[in-house]
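As structure tokens, the structure follows; a few thoughts come after it.
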Amino acid sequence: MRSILFSLAIVLAAAATAAEPGFSEIIIAAGFHVEQPVLAASLSDDNARHVVLAGRDDDHQQRLAVYRVDGANEDSPQPILSLAPGANLIAYDVGRLGNRDALFFIEPGRILRYDFTLNGLVAVVDIRTIYGQDRAGAIVPIDFFRDINQDDRDDLVVPDTAGYRVRLQRTDGSLGDEILLRESSSMTVSSGIVSFESRPLVSGNMNFDALTDLAVWRGDSLRVYAQLPGARFEGRPQVVPLGLDLLSEAEMRTLQNNRGAVDQRELTEKRIWSIEDLNDDQLPDILTESTFSEGVFDKRNEFGLHLGRMDGDRLVYRETEDAQLASEGLQFGLIGTDIDGDGKKDLVVRKVRLTFGRVIRALLSGNVSLQLHFFKMTADDNYSDSADYVAKTNVRFSVTSGQVDIPAIEVADFDGDGRKDLVMQTGRNRLSFYHGVATEHLFSKDEVDMDVILPRNGALVAAEDIDGNGNADLIIRYNAADGNDSAHTVRLLLAIQ
């Protein structure tokens with residue numbers, strides 16, 4: 001049965017003194033296992049909002065459905081589109097072409113768009129991609145329609161064995177000529193198996209001409225593709241040495257392939273974690289991760305910030321970190337997000353302690369302590385030595401069943417005040433909201449609690465503006481660990497202004 005059940009607004013149970021966030025709930029009973037992240041867009045002429053769900057039915061056949069989520073079809077709760085996508089449809093995405101959002105698909109040799117007026121697929125453009133044959137597994141969402149040159153128009157970006165193939169969107173909504181970014185993919189051969197990998201694509205002004213360039217990193221260097229007048233890019237990259245003493249691609253591959261045979265005592269690894277503009281100067285900055293091992297169960301790591309700087313007409317990075325996030329234990333899941341609305345990226349990182357004694361205690365208790373550390377970027381583009389805000393929660397697991405319960409954690413602006421709020425799971429079916437505040441503490445000390453049915457895997461909870469009102473909403477999916485009925489369900493919590 002496929003239906004959308006609209007419930008009454010959920011009122012949060014909390015003190016009446018706070019400006020409490022309110023949510024309306026939409027429960028989508030999809031009729032199939034919803035296994036892919038939910039995408040949101042306006043896919044009809046009336047600008048109504050929709051969500052795209054995908055997964056498999058009980059017979060393991062792939063399914064994809066589109067639902068309207070603004071309440072207009074409350075009396076006829078049926079999907080506006082229900083597909084059993086064939087193996088020729090490899091991946092899907094939502095993007096804006098011209099003045100409209102659209103649902104796109106990749107099939108071997110071309111990009112397709114679903115036309116809701118014609119109720120069918122229509123060709124958009126012929127392409128060459130790494131996806132050269134029909135898929136054997138699940139249809140998946142891939143972000144191949146996105147704005148890569150920061151002109152507020154979505155562009156077509158698809159990986160190929162020779163490198164990324166890019167078509168920039170023109171002002172009239174048409175797609176420009178194809179540009180091949182050579183050397184932007186890597187090939188490996190192992191045991192007679194050939195595999196290709198697309199490196200993360202970075203955008204930023206890297207030659208100081210006011211145009212947004214593209215880059216990928218390879219070991220201790222950047223490959224920069226300069227943007228040219230006429231919405232084009234250089235196809236062959238300029239090599240920019242980084243000089244950050246990073247592991248080469250060959251060294252990283254050796255460590256990955258021989259992990260069980262490498263002596264991990266006194267082992268140090270340093271690699272790039274991410275490249276993005278953190279201090280809002282239009283230059284890409286680099287976050288590196290260094291991991292130090294005293295043994296298998298005694299590890300710690302640190303993140304280093306290297307700000308991008310202009311040196312004449314060159315982009316340079318200092319070998320010494322501009323800021324360093326170090327702690328006793330393992331930090332992971334680092335993300336950059338502007339929490340306080342000043343345009344600069346603050347950092348959120350998860351932390352656990354991993355020593356032999358702690359591993360034994362965790363196995364006995366079935367519980368691992370998890371800390372969230374928040375670092376605010378200062379006015380001089382630095383981060384404090386210690387976190388500006390710390391939140392604590394737990395990861396629970398069963399050594400008998402192997403089930404791991406991961407808490408849901410999201411940082412987003414739910415109340416529309418321009419500051420990010422913290423949402424954290426604090427009970428089996430309880431979320432706690434901590435409002436963003438205009439102080440150095442980042443979040444309020446008092447929480448606002450809400451009871452809601454949550455998945456055992458908190459990674460299935462995501463924050464996104466579903467209804468397009470500028471506030472973040474919550475998308476809650478479930479999997480087999482939550483029961484078969486729940487695995488067919490998506491719960492949407494829409495923030496009420």
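The values are calculated or read from the model by the stated rules, or taken from the named source; none is laboratory data. Source: prediction; values computed, not measured. Positions of Cβ are backbone-derived with ideal geometry, glycine not excepted, and every protein chain shown enters the neighbour counts. We work out accessible area using only protein heavy atoms, side chains counted, and drop any ligands, DNA or RNA first. Shrake-Rupley method; radii C 1.70, N 1.55, O 1.52, S 1.80 Å.
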Exercise. Whenever you get a sec, line up Thr337, Thr320, Thr426 from highest to lowest accessible area (probe 1.4 Å, protein heavy atoms).
Key: Thr320, Thr426, Thr337
Exercise. Could you check the simple spin-label distance between Arg430 and Glu234, using points 7 Å along Cα→Cβ, in nm with one decimal?
Key: 5.8 nm
Quiz item: Of the accessible area of the chain, with the probe set at 1.4 angstrom, what percent is carbon plus sulfur?
Solution: 48 percent
Quiz item: Does the stretch 84-171 classify as rounded, prolate or oblate by the C-alpha gyration tensor (a ≥ b ≥ c root eigenvalues; a/c under 1.5 gives rounded; else a/b over b/c gives prolate, otherwise oblate)?
Solution: oblate
Quiz prompt | Helix-only CD estimate at 222 nm, as mean residue ellipticity for the chain, using -39500 (n - 2.57) per DSSP H run (n ≥ 4) | solution = -1000 deg cm²/dmol
Practice problem: Could you tell me whether the stretch 138-206 comes out rounded, prolate or oblate from its Cα gyration tensor? Rule is a ≥ b ≥ c as square roots of the eigenvalues, rounded for a/c under 1.5, then prolate if a/b exceeds b/c, otherwise oblate. | Solution: prolate
Quiz item: What are the principal axis extents of the Cα atoms in the stretch 400-497, in Å, biggest first?
Solution: 45, 30, 17
Quiz item: Hey, rough spin-label estimate for Gln150 and Glu302, points 7 angstrom out along Cα→Cβ, what's it come to in nanometres?
Solution: 3.0 nm
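In µm²/s, what is D for the chain at 25 °C and 0.890 mPa s, where D = kT/(6 pi eta Rh) by Stokes-Einstein and Rh is the Kirkwood radius from Cα pairs?
99 µm²/s
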Exercise. Provide the per residue accessible area, probe 1.4 Å, for the chain, rounded to a whole number of square angstrom.
Key: 47 Å²
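Please find the FRET efficiency linking Phe208 to Ser444, where r is the Cβ-Cβ separation and R0 is fixed at 51 Å, and quote it to the nearest 0.05.
The value I calculate is 0.80.
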Quiz item: If each of Asp342 and Thr268 carries a label point 7 Å out from its Cα toward its Cβ, how far apart are those two points in nm?
Solution: 3.2 nm
Quiz item: What residues of the stretch 103-121 lie in the reach of a label at Thr161, counting those whose backbone N is under 15 Å from a point 7 Å from the Cα along Cα→Cβ?
Solution: 109
Quiz item: If R0 is 41 Å, what FRET efficiency do you get for Phe292 and Ala87 from their C-beta distance, rounded to 0.05?
Solution: 0.35
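What does the extension gain come out to for Asp380 and Ser44, with contour length at 0.36 nm per residue minus their alpha carbon separation? Could you put the intermediate results ahead of the total?
On the way: separation 336, 0.36 × 336 = 120.96 nm, distance 4.59 nm.
Extra length from Asp380 to Ser44 when fully extended: 116.4 nm.
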Quiz item: Ordering Asp151, Asp346, Asp45 by how much accessible area each has at a 1.4 Å probe, largest first, what is the list?
Solution: Asp45, Asp151, Asp346
Quiz prompt | Three-way shape label, the stretch 95-252, alpha-carbon gyration tensor, a/c 1.5 | solution = oblate
Practice problem: Would you kindly state how much longer the chain becomes between Ile27 and Val140 on full extension, computed as 0.36 nm times their sequence separation minus their alpha carbon distance, in nm to one decimal? | Solution: 38.4 nm
Practice problem: Give the residues of the stretch 450-477 whose amide nitrogen is closer than 16 Å to a point set 7 Å from the Cα of Arg396 in the direction of its Cβ. | Solution: 452-459
